[in-house]
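The values are calculated or read from the model by the stated rules, or taken from the named source; none is laboratory data. Here the structure is a predicted model, which means the values were calculated and not measured. Using ideal geometry, Cβ is built from the backbone for each residue, glycine included, and neighbour counts are taken over all protein chains shown. Note: accessible area is taken over every heavy atom of the protein model, side chains too, but ligands, DNA and RNA are not part of it. Shrake-Rupley method; radii C 1.70, N 1.55, O 1.52, S 1.80 Å.
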Amino acid sequence: MYFKATWPPQRYEAAVSSALARWRPADVGVVLDADERRGWLLLDDAGAKLRDILAQRRDLTHWKRVLPRYAELQLATARHVPELLGLGVPDRRSSVLADRYEQLLDERGPLRIGLLEGLSRANTLRLRGLVPRVREWCEELGGTIPDTIQHDDLHDGQVFLRDGAYELRRVLDTYLESFTHVATPKQIRQSYAIARRLGRISRALTWATVVRHLGARKRREERGDVPGWLALFLEVA
């Protein structure tokens, strides 16, 4: 079994994992028990980590099987967005993301403007100048693909294989093809390009939340994360 005790910024994980296990039991870890108030989670053994499997034989076939399942989970849980927000999932919907971005730019602490591992004043001005464009991208994205849950850290250390079945915890085309149920291939491609940019803002927001809850020593270690993700956003903006 696997026990996880989450910390305050991610305490919602226990409740969300339990909900996903009810809605999509074949795609996520088996929840044996959960204490939603404390953020404690007890999971059944999920099997071999995909990272260990790929270390023996690098084969993209695994991702071609996993990503469509992930997309199906996203589409299936879109109707549960109000419930997910009620459980405490951070709200990064297209209707509010631009506001969250603008609010982050008003927080001088996480940005470290002009400081070591921080944003330069020039890049800060560029980020502020992009606020109207970010709003346009959010509006365009919101009119095409439904808001839903996203993992935010999906890599081969978060996918497990047990008894021949994957537990979620040409590859891009395989993933995007699942969304042809809700939009045309052209619309999906355009939305992907936008989402790839906005995803870097979402990561910056995640790290801003994390850094606020860290002690002084750990905060120093992670001081470059928010500026770093915003700099990566500038690279594709």
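At a glance:
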{"read-out": "Whole-percent carbon and sulfur share, accessible surface of the chain, 1.4 Å", "value": "50 percent"}
{"read-out": "Point-charge dipole on Cβ atoms (K/R +1, D/E -1) for the chain, about Cα centre, debye to 20", "value": "720 debye"}
{"read-out": "In nm, spacing of pseudo-spin labels at residue 112 and residue 58 (7 Å Cα→C-beta vector)", "value": "3.2 nm"}
{"read-out": "Given charges at beta-carbon only (K, R positive; D, E negative), |dipole| of the stretch 33-93 in Debye", "value": "440 debye"}
{"read-out": "Rounded Å value of the spacing that divides the Cα centres of the stretch 72-131 and the stretch 151-224", "value": "14 Å"}
{"read-out": "Whole-number accessible area per residue in Å² for the stretch 92-237, which is evaluated in the context of all protein chains at 1.4 Å", "value": "54 Å²"}
{"read-out": "Percent of alpha-carbon pairs separated by more than 20 Å within the stretch 100-237", "value": "56 percent"}
{"read-out": "P(r) weight above 26 Å for the chain, C-alpha pairs, percent", "value": "46 percent"}
{"read-out": "³J(HN,Hα), Karplus 6.51/-1.76/1.60, whole Hz, each residue of the stretch 82-96, x for Gly, Pro", "value": "x, 5, 5, 5, x, 7, x, 4, x, 8, 10, 5, 4, 6, 10"}
{"read-out": "Helical contribution to [θ] at 222 nm, DSSP H n ≥ 4, -39,500 (n - 2.57), averaged over the chain, rounded to 500", "value": "-16000 deg cm²/dmol"}
{"read-out": "Inter-label distance, nm, simple model (7 Å from Cα along the C-beta direction), residue 173/residue 93", "value": "3.4 nm"}
